[in-house]
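Each remark here refers to the structure printed beneath this line.
All of the numbers you see were taken from the coordinates with simple rules; none came from a lab. Every value quoted in this text rests on a predicted model; they were computed, and no experiment measured them. Because the Cβ atoms are built from the backbone with ideal geometry, glycine has one as well, and the counts that use them run over all protein chains shown.
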Amino acid sequence: MATSPTVQEKIAGYLQSKIPRARNLALSDFVHSAGGWSHEIYVFFATWNEDGRAMRQGFCLRKDPGISLLRELSNLREQFRVIKALEPTPAPTPKAYWYEEDPSLLGGPFFVMEKVEGEVPNPWSRAGKQFYADAAKRGKLPRSFVEALASLHNLDWRTHGLDFIGVPGDGKDFALREIAKWESLIDQSIRKPEPVLTELLLWLKANAPETRRLAFVHGAYRTGNLIIKDDQIAAIIDWELQVIGDPMYDVAYVLSNLNREGSPLLSCVVEREFFLDYYQQLTGLTIDLEVCRYYEILYMMRSTAFWLSASGLFAEGRNKDLRLARTTYSVPVVLDMAAKALGF
Amino acid sequence: MIPANQLLSEIVTSIREVIAPAISEPYPKAQAYMAAVILEFVARQVEERSDIEEQKHAAMLELLRDLSQLPGVNRLVRGDELNEIGLNKLIEHLYAERGRLGEETFAAANRRVRQTLRKLLDQELKVAGKNED
C-alpha cells in the first residue's frame, strides 16, 4: 500500500518545482522548530546539482497552522510582501523566495525564505541571558542592535512600497488603531469578563498620544526576534506585527521591562543610556519618554490580548500546543503589571 | 488514594526527570517541560479556587456599597450585577459619563473602583503569581 508523503518529502517536491534545473535535490538537517507561536517553522538545507555544479542552500519555511495566535490578524501574505519589500533596504532581513496560497501543497499557506546563518539565543533562558550579557560587555552587539532598529525607522517606507500595510491618519489615530486592533483580538478570545482589562482599555483610549512622525515600525523589536552572527544583527525576523506608526512604539518596546526579566540591560543586551543616545544620534529623533511610557502600558494590554487569544485557542480545542495553555496564568500577571503602571 | 497535589507533584517530577530528558526532538521536548509547568499551576488552582471567589464577591459588595454613597454615581450602581460582568459595565458607564460627573467625582469613583480591581487581581495572583525559578 502506498504511504502518503511526509512533510519533508512534500517540501522537497515543492522546491524541485521552484528550481526546475535542479537535479538530485535532497533535504538535510530538517528541523521542525519549537520556536514560533503563530506559525509552523521548518528549517533545512537543500542540496542539488545544477549545470554540473553542486549547490547547497539553507531555507526557512513558515506555514500557517490554520489557526494562529493572532487569529484573523495574522497574514502570511503580508509578511512575505514586507520581507520582500525590505530586501533592497539597509535593514537586515532574510531574502524572501516564494509564497504559496494553495493549501493542497502543505495543508495551508506558507512561504519560503533564506535561512540566515547565525543564532537566536532565547532571552528568557539562563543561557540566553548570559549570551547577551557577555555580548553586551564586548560592545559590538549593542551597537548593532540600535543600528538595525534605526535602519527601520530611517526607511522611506513609501518609496519602498510598504504603505500597503496601512497608513494611520494624523493625531491620535495610530494609537487608537492599535488599541482597536488588539481589542478585536480580545473580543474574539475572551472567555470570562476581565474588569481590570476593561479599565486598562478605557484608560488607554482616554490618554492616547499624538504621533509626531510616522515610521516603519517592527512592532516586536527585541532580542529573540533577531538573528545574531559574530556579534552583529544578521537579520530581523518575526514579521507579524509591523505597522506604519509612531517610532516611539518600537522604542517603548525596547525600553520596556517586559523584555528583560531580571536583566539590567534593555532587551538583555543594551545599556539604557547608550540606547537613548545612540538611537537619537542615528535617527535624529527625540525620544519622548512620556509617550514611551504610554506605549509600554499599551504593550501590557497587547500582551494580555496575546495570552487571552492563546489560552482561548487551547480551551476551544483549536490548538493543542501546551505552551498556549500555560498562558492563561500570564493574564493576571501582565494585568498586574498594567495595574501597577496605572497606580493601583 | 494519593492526594491530588501529591499525585500532580509526582507527575511533574516524572515529566521533568524521566520523560522530557528522553525526548530528542525539540518540539515534543518543549511540550513535555511545558506540561510540567502547567501542572504545577493547576495544583495551586485546585487548592485555592473556592476562597478566591468568596473574596472577590466580598470586594465587589464593598465597592457597590461605597459607590452608592457617592453623589452622582449612585444611579450607575446596580446591586443585581454583583459579578465581573456587572463590574465591567460599571467601569464603562463611569467613563461614558465622565463629562456629566465632572473630573473630581469621576476621579473619586475611579480610584475606588481601582481599589477593588486590585483586590480582584490579588485573588487571581494567588494562583497565577510567579513562583518559577
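Taking every residue in B:17-30, how many Cβ atoms of other protein chains lie within 10 Å of its Cβ, on average? Display every interim value, and only then the final one.
Values: counts 0, 0, 0, 0, 0, 0, 0, 0, 3, 5, 8, 2, 1, 6.
Mean shielding count: 2.
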Exercise. Among A:132, A:16, A:107, which residue has its Cα positioned farthest towards the positive end of the charge dipole of the stretch A:1-145, with +1 placed on the Cβ of Lys and Arg, -1 on the Cβ of Asp and Glu, and the dipole taken about the Cα centre?
Worked result: A:132
Exercise. Tell me, what is the percent relative contact order of chain B, built from C-alpha pairs under 8 Å that lie six or more residues apart?
Worked result: 24
For this session: Please sort B:91-104, B:116-129 by packing, taking for each peptide the average over its residues of neighbouring beta carbons within 10 angstrom, highest first.
Result: B:116-129, B:91-104
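So what's the net charge close to residue A:106: Lys and Arg +1, Asp and Glu -1, counting the other residues with Cβ under 10 Å from its Cβ?
Values: positive: A:10, A:63; negative: A:40, A:64, A:100, A:102.
Net local charge, residue A:106 excluded: -2.
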For this session: For chain B, give the magnitude of the charge dipole about the Cα centre (Cβ charges: +1 Lys/Arg, -1 Asp/Glu; no others), in debye to the nearest 20.
Result: 540
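Take every residue in peptide B:86-94, count the Cβ atoms of other chains within 10 Å of its Cβ, and give the average of those counts.
Values: counts 2, 6, 7, 3, 2, 9, 5, 0, 2.
For peptide B:86-94, the averaged partner shielding equals 4.
By its C-alpha gyration tensor, with a ≥ b ≥ c as the square roots of the eigenvalues, how is the stretch A:126-341 shaped: rounded for a/c under 1.5, else prolate for a/b larger than b/c, else oblate? Intermediate results must be reported in sequence, preceding the final value.
Numbers: a/c = 1.66, a/b = 1.24, b/c = 1.34.
Oblate.
Tell me, what is the percent relative contact order of the stretch A:126-341, built from C-alpha pairs under 8 Å that lie six or more residues apart? Before the final figure, lay out each step's value.
On the way: 278 pairs, mean separation 54.2, N = 216.
The value is 25 percent.
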Exercise. If each of residue A:10 and residue B:68 carries a label point 7 Å out from its Cα toward its Cβ, how far apart are those two points in nm?
Worked result: 6.1
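Regarding the stretch A:133-259, what is the average projected area of its C-alpha convex hull, in nm²? Mind showing how you got there, number by number?
Working: hull surface 37.7 nm².
Hull-based average projected area comes out at 9.4 nm².
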Problem set entry | Folded to 0 to 90 degrees: helix A:126-138 orientation relative to chain A principal axis, Cα | 80
Seminar exercise, completed: The summed charge of the residue A:3 Cβ neighbourhood (under 14 Å; Lys/Arg +1, Asp/Glu -1) stands at 0
Problem set entry | Charge dipole (chain B, unit charges on Cβ, about Cα centre) - positive-most of B:39, B:90, B:13 | B:90
Exercise. For the Cα atoms of chain A, what angle does the longest principal axis make with the long axis of helix A:289-315, in degrees from 0 to 90, nearest 10?
Worked result: 50
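Per the Kirkwood treatment, what hydrodynamic radius in Å, one decimal, follows for the stretch A:214-270 from the mean inverse distance over all distinct Cα pairs?
Numbers: mean 1/r = 0.0839 Å⁻¹.
It works out to 11.9 Å.
Looking only at other chains, what is the average number of their beta-carbon atoms within 10 angstrom of each beta-carbon in A:182-195?
Mean partner shielding for this stretch: 2.
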Exercise. Once the Cα gyration tensor of the protein assembly as shown is found, what semi-axes does its equivalent ellipsoid get, as square roots of 5 times the eigenvalues, in whole Å, sorted largest first?
Worked result: 42, 29, 21
Exercise. Percent of alpha carbon pairs in the stretch B:29-125 separated by more than 21 Å?
Worked result: 44
Seminar exercise, completed: Given pairs A:205/B:119; A:172/B:56; A:95/A:140; A:63/A:205; A:10/A:181; A:10/A:84 and cut-off 32 Å on Cα-Cα distance, the over-length ones are A:172/B:56; A:63/A:205; A:10/A:181
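Between residue A:289 and residue A:164, 0.36 nm times their residue separation minus their Cα-Cα distance comes to what? Write out the running numbers ahead of the final one.
Numbers: separation 125, 0.36 × 125 = 45.00 nm, distance 2.95 nm.
Taking residue A:289 through residue A:164 to full extension adds about 42.1 nm, to one decimal.
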Exercise. How many nm separate the modelled label positions at residue A:50 and residue A:75, each set 7 Å beyond the Cα in the direction of the Cβ?
Worked result: 3.1
Exercise. So who's got an amide H within less than 5 Å of the one on residue A:55, skipping anything under 5 residues away but keeping other chains? H placed 1.01 Å off N, in plane.
Worked result: A:48, A:49, A:50
Exercise. What is the distance, in nm, between label points placed 7 Å from the Cα along the Cα-to-Cβ direction at residue A:23 and at residue A:273?
Worked result: 6.4
For this session: Could you work out the local net charge near residue B:75, counting Lys and Arg as +1, Asp and Glu as -1, over the other residues with Cβ closer than 12 Å to its Cβ?
Result: +1
For this session: Would you mind checking the tilt of helix B:84-96 against the longest principal axis of the Cα atoms of chain B, expressed as 0 to 90 degrees and rounded to 10?
Result: 50
Problem set entry | Top positive-direction residue, dipole computed over chain B with Cβ charges, set B:60, B:123, B:72 | B:72
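With r as the distance between the Cβ atoms of residue B:13 and residue A:43 and R0 = 25 Å, compute the FRET efficiency 1/(1 + (r/R0)^6) and round to 0.05.
Numbers: r = 33 Å, r/R0 = 1.31.
Efficiency at R0 = 25 Å is approximately 0.15.
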Problem set entry | Gyration tensor (Cα) of the stretch A:40-134, equivalent ellipsoid semi-axes in angstrom | 24, 22, 15
For this session: Sketch the reach of a paramagnetic label on residue A:181 as a point 7 Å from Cα along Cα-to-Cβ, and name the residues of the stretch A:67-92 whose backbone nitrogen lies under 11 Å away.
Result: A:73-75
